[in-house]
Amino acid sequence: MPVAFGRLATDMTTVGLIGSGNIGGTVARLAVAAGHDVVLSNSRGPETLKELVDELGPRARAATAAEAAAAGDLVVVTIPLRAYREVPAGPLAGKIVIDTNNYYPERDGRFPELDDESTTTSELLQRHLPESHVVKGFNNIYFKHLLALARPAGADDRSALPIAGDDPAAKGTVTAFLDSLGYDAVDVGRLAEGWRFQRDTTAYAALYAADPAGDWERPAPVDAAKLRAALAAARRYADN
């Protein structure tokens with residue numbers, strides 16, 4: 001288990017996860033280590049999460065997606081983009097939702113509004129969840145690097161992750177959550193700016209790999225300055 005870095009400076013104690021795969025499971029591990037409770041869900045049913053729940057211990061339990069949404073003070077949606085319309089909107093009303101989605105047409109099918117770059121993945125989810133406060137995050141880092149690079153506040157080799165969202169207060173809460181997990185946050189702006197760290201941009205996963213052309217297992221710290229430079233260098237697909 002990763003080292004705990006302390007609790008959020010808010011009253012949030014429970015993290016709901018809609019999707020508990022590589023990224024979701026890693027966020028759950030970091031959250032439990034930081035002292036948060038987690039409620040895990042996936043598309044196959046709570047009984048399929050027993051092994052992960054047993055690993056995480058008494059701060060974790062499995063539930064349906066609707067139950068995880070209802071239980072979470074903050075909810076992480078980490079499912080394939082093609083399934084975003086299946087996210088339960090009702091229990092997420094008024095809540096902060098971290099969206100980890102990336103668009104892979106070969107997996108998700110074609111979304112014309114993403115192909116022509118007239119919107120972004122997180123804006124699609126925000127449209128589906130009009131009463132929630134969506135913040136884009138955790139989408140630009142390989143799950144093994146996410147686990148390995150967590151560091152306490154003030155560490156010389158602490159890494160930063162980008163976030164984007166339309167609600168400043170929601171981004172403040174997500175920044176505090178990232179801090180508790182072992183990361184600084186770089187606010188990129190509104191959800192529409194989330195393209196800057198989408199798939200295959202300069203701020204995407206290769207940034208955190210020591211050898212992106214070879215050994216992906218070895219991570220490399222990315223501080224806020226390096227991340228900001230990569231975000232500034234990002235280009236839309238049509239401009240590449």
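Taking the criterion of being basic (Lys, Arg), within 25 Å of residue 238 (Cα to Cα) and open to solvent by less than 50 Å² (accessible area, probe 1.4 Å), would at least one residue in region 134-155 satisfy it? Scanning region 134-155, I find at least one residue that is basic (Lys, Arg), within 25 Å of residue 238 (Cα to Cα) and open to solvent by less than 50 Å² (accessible area, probe 1.4 Å), so the answer is yes.
Please specify each residue of region 149-158 satisfying the condition of being under 11 Å from residue 221 (Cβ atoms) and in contact with a Phe, Trp or Tyr (Cβ under 9 Å, 6 or more places away or on another chain). 149, 150, 151, 158 - these are the residues of region 149-158 that are under 11 Å from residue 221 (Cβ atoms) and in contact with a Phe, Trp or Tyr (Cβ under 9 Å, 6 or more places away or on another chain). Do we have residue 31 as open to solvent by less than 20 Å² (accessible area, probe 1.4 Å), of a type in the set (Gly, Ala, Ser) and within 17 Å of residue 178 (Cβ to Cβ) here? Yes, satisfied. Looking at region 36-64 only, could you name the residues that are open to solvent by less than 90 Å² (accessible area, probe 1.4 Å) and either part of a loop (DSSP other than H, G, I, E, B) or in contact with a Gly (Cβ under 8 Å, 6 or more places away or on another chain) (or both)? Hits for region 36-64 are 36, 38, 39, 40, 41, 42, 45, 52, 57, 63, 64.
When residue 97 is tested against (1) crowded, with 16+ Cβ neighbours inside 10 Å; (2) in a helix (DSSP H, G or I); (3) within 19 Å of the chain's Cα centre (by Cα), exactly one condition is not met: (2). There is no residue in region 199-214 that is of a type in the set (D, E, K, R) and in contact with a strand residue (DSSP E or B) (Cβ under 6 Å, 6 or more places away or on another chain).
Within region 183-197, being touching a Ser or Thr at 6+ places or on another chain (Cβ under 8 Å) and buried (at least 23 other Cβ atoms within 10 Å of the Cβ) holds for 183, 191, 194, 195.
Report yes if some residue within region 162-169 is within 30 Å of residue 115 (Cβ to Cβ), modelled with pLDDT of 95 or more and surrounded by fewer than 23 Cβ atoms within 10 Å (Cβ to Cβ); otherwise report no. So far as region 162-169 goes, yes, one or more of its residues are within 30 Å of residue 115 (Cβ to Cβ), modelled with pLDDT of 95 or more and surrounded by fewer than 23 Cβ atoms within 10 Å (Cβ to Cβ). Of all residues in region 65-74, those that are free of Cβ contacts under 8 Å to residues at least 60 places away in the same chain and open to solvent by 20 Å² or more (accessible area, probe 1.4 Å) total 5. In region 173-196, the residues that are over 20 Å from residue 155 (Cα atoms) form Cβ pairs under 6 Å with partners that are open to solvent by less than 30 Å² (accessible area, probe 1.4 Å) and among the polar types (S, T, N, Q), at six or more places apart or across chains, as follows: 191/122; 194/120; 194/122; 195/120. Within the option set 237, 204, being among the hydroxyl-bearing types (Ser, Thr, Tyr), open to solvent by 30 Å² or more (accessible area, probe 1.4 Å) and touching a helix residue (DSSP H, G or I) at 6+ places or on another chain (Cβ under 8 Å) holds for one residue only, 204. Would you check if residue 127 is open to solvent by 10 Å² or more (accessible area, probe 1.4 Å) and either over 30 Å from residue 116 (Cα atoms) or within 17 Å of the chain's Cα centre (by Cα) (or both)? Against the criterion (open to solvent by 10 Å² or more (accessible area, probe 1.4 Å) and either over 30 Å from residue 116 (Cα atoms) or within 17 Å of the chain's Cα centre (by Cα) (or both)), residue 127 does not qualify. Of the residues 103, 84, the single one that is outside any strand (DSSP E or B), among the aromatic types (Phe, Trp, Tyr) and closer than 22 Å to residue 216 by Cα is 103. Out of all the residues in region 215-237, is one or more at pLDDT below 95 and outside any loop (DSSP other than H, G, I, E, B)? Yes, region 215-237 contains a residue that is at pLDDT below 95 and outside any loop (DSSP other than H, G, I, E, B). Among the residues of region 100-124, just one is at positive phi and surrounded by 12 or more Cβ atoms within 10 Å (Cβ to Cβ), namely 117.
The values are calculated or read from the model by the stated rules, or taken from the named source; none is laboratory data. Note that the coordinates shown come from a computational prediction; the quantities given were computed from them, not determined experimentally. As a convention, Cβ positions derive from the backbone with ideal geometry for all residues, glycine included, and neighbour counts pool all protein chains shown. Surface areas here come from the heavy atoms of the whole protein model, side chains and all, with no ligands, DNA or RNA. Shrake-Rupley method; radii C 1.70, N 1.55, O 1.52, S 1.80 Å.
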